[in-house]
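Structure, as C-alpha cells:
The values are calculated or read from the model by the stated rules, or taken from the named source; none is laboratory data. The shown structure was predicted, so the numbers you read here are calculated from the model rather than taken from an experiment. Neighbour counts run over all protein chains shown; Cβ positions are idealised from the backbone, glycine included.
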C-alpha cells in the first residue's frame, strides 16, 4: 500500500518557458533541478501548502510533446478568482475558459500552460 503522492511528471518541449509560466502565472517555486541518468533535464516545482511536487522533464532528442485536448490537467485552489484573474491579466496571461460557477457554488476557470497542458483554478463555494 502506498504512503502518499510525491510528484507528478510532465514532459515539456521548452523547460525554461514552462518554468517561467508556473513561476509567473501561479507563483510556484523551483525546489530543485538536476539531470537524470538518461540525460533528462528535471525541475521540481513546489506547490503551496502541499508536499506534492510537479516534476517538469525535458528529454533532449525525444519527439516533441503534443498534448491532446482534455488529456490531463492540474488543479489549484485560489482564494478569490476575480482577484487572481486580474493578477494574471497584469502579467499577460488570460483564462482559456471561465470563470464559471458550478452547481456546488464553486467558481472554476482554466489557463493553458505551454505545450497545451490545462491548469484548472478553483475558488471553493
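Summary of values
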item: Criterion violated by residue 44 - all others in (1) within 13 Å of the chain's Cα centre (by Cα); (2) assigned to a helix (DSSP H, G or I); (3) farther than 27 Å from residue 125 by Cβ satisfied; result: (2)
item: Breaking point among (1) in contact with a strand residue (DSSP E or B) (Cβ under 9 Å, 6 or more places away or on another chain); (2) in contact (Cβ under 8 Å) with a residue 40 or more places away in the chain, for residue 64; result: (1)
item: Subset of segment 110-125 [farther than 25 Å from residue 64 by Cα and touching a helix residue (DSSP H, G or I) at 6+ places or on another chain (Cβ under 6 Å)]; result: 123
item: Filter pass, residue 76 being assigned to a strand (DSSP E or B), within 18 Å of residue 28 (Cα to Cα) and either touching a strand residue (DSSP E or B) at 6+ places or on another chain (Cβ under 9 Å) or modelled with pLDDT of 95 or more (or both); result: yes
item: Filtered residues of segment 74-92 (kept if in contact (Cβ under 8 Å) with a residue 24 or more places away in the chain, over 29 Å from residue 39 (Cα atoms) and surrounded by 12 or more Cβ atoms within 10 Å (Cβ to Cβ)); result: 76, 77, 78, 81, 84, 85, 88
item: Lone qualifier among 56, 71, 95 - being under 15 Å from residue 117 (Cα atoms), assigned to a loop (DSSP other than H, G, I, E, B), free of Cβ contacts under 8 Å to residues at least 60 places away in the same chain and in contact with a strand residue (DSSP E or B) (Cβ under 6 Å, 6 or more places away or on another chain); result: 95
item: Filtered residue count, segment 53-72, keeping only those that are loosely packed, with under 13 Cβ neighbours inside 10 Å, within 20 Å of residue 19 (Cβ to Cβ) and within 15 Å of the chain's Cα centre (by Cα); result: 1
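So that you can scan it fast, the table gives a plain yes or no per residue for (1) within 18 Å of residue 77 (Cα to Cα); (2) loosely packed, with under 12 Cβ neighbours inside 10 Å:
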| residue | (1), (2) |
| --- | --- |
| 17 | no, no |
| 24 | yes, no |
| 34 | no, yes |
| 45 | yes, no |
